[in-house]
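Worksheet: the structure to be examined is printed underneath.
The values are calculated or read from the model by the stated rules, or taken from the named source; none is laboratory data. For clarity, every value in this text was computed on a predicted model and none was experimentally measured. We place every Cβ from the backbone using ideal geometry, glycine too, and count neighbours over all the protein chains shown.
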């Protein structure tokens, strides 16, 4: 076992009973609403920093991390008592005129370290998940970090950095020693924040980079290997890998395309050979936005934004994309799926709509301000399970 590893795939997310929703009241006050998915009731409201945004859970479901974009900090919530156990400053050389603007956060599956992407600060803050202390803050170069991907079969954290079209790139951070490496700078990569362009094959060897130009790179643990551009991933935006033997990959398309791409065991070998076992297009809708896979895994969910010929809503596919159902909604923002894979939740500005994945039926909307003194709230992010991808907006430097 890796010296930094305190959990593995058999123990990930052992107990995550609640849904967490970060929201702001006006522009000063931040809160996190705690929701019980058994009856969709609000358990409590937790004060956090100003302009809270992206959230993540640690692998065992013991903590929730919340980035506070408005005050260059991250709050850590204890899920046993739903109280803030620490609020830590992030970034380096931060001032009122040059805030860190944290925009994404993730905990590596090994469980000992959390990572915060400071978009405006061009840096990554590394936090000790056991002691709730900042370990270091790492520079990311000219690019602004905005998205993470991790795997329990790879000892690296992958970071997407936005610089400018055709000049975007990827960083890797070693979980062991915080060393940084860069790749993709010569591959004319173009990302579309806040959509996450990073996917990692379940075996941990293949890292896929999505966008107008597709890109695959091989890793043997922390050691980089062959890389290659591939047209099979062209005109993709974001995606999810899941399952094994064969691993399945769904990728969303640009807003004007009405299909998803589906692959079985798309990977790159140590020799540089790319081996898609099966590739096909799946009929979908224009305006594809957020994509999530259920933890079991059984379902893939995609939010759809309205276009001239497409309603807004949530599309639910089975694991091989042969069966889909569509739930029309008046608005579809952030998306999460519960740890038991029974419900999806879709954010709708100030309320959250629960959707039964087995029946594709929407339940009554959950009013975040109900039962509290908060009003005119704006929901920023929702999370109900441990996820190996996280992303956020890019804040102007």
Screening 172, 125, 136 for residues that are surrounded by fewer than 16 Cβ atoms within 10 Å (Cβ to Cβ), without any contact (Cβ under 8 Å) to a residue 60 or more places away in the chain and part of a strand (DSSP E or B) leaves only 136
Scanning the stretch 335-350 for residues that are within 18 Å of residue 32 (Cα to Cα) and part of a strand (DSSP E or B) gives 335, 336, 337, 345, 346, 347, 348
Going through (1) assigned to a loop (DSSP other than H, G, I, E, B); (2) in contact with a strand residue (DSSP E or B) (Cβ under 7 Å, 6 or more places away or on another chain); (3) surrounded by fewer than 21 Cβ atoms within 10 Å (Cβ to Cβ) one by one, residue 332 fails only at (3)
Filter the stretch 342-376 for residues that are within 30 Å of residue 160 (Cα to Cα) and at pLDDT below 95; the one that is farthest from the chain's Cα centre (by Cα) is 350
Of the candidates 100, 117, 104, the one satisfying the condition of being closer than 24 Å to residue 161 by Cβ and assigned to a loop (DSSP other than H, G, I, E, B) is 100
Original post:
Quick one: would you say residue 62 is over 17 Å from the mean Cα position of the chain (by Cα) and free of Cβ contacts under 8 Å to residues at least 40 places away in the same chain?
Top reply: yes
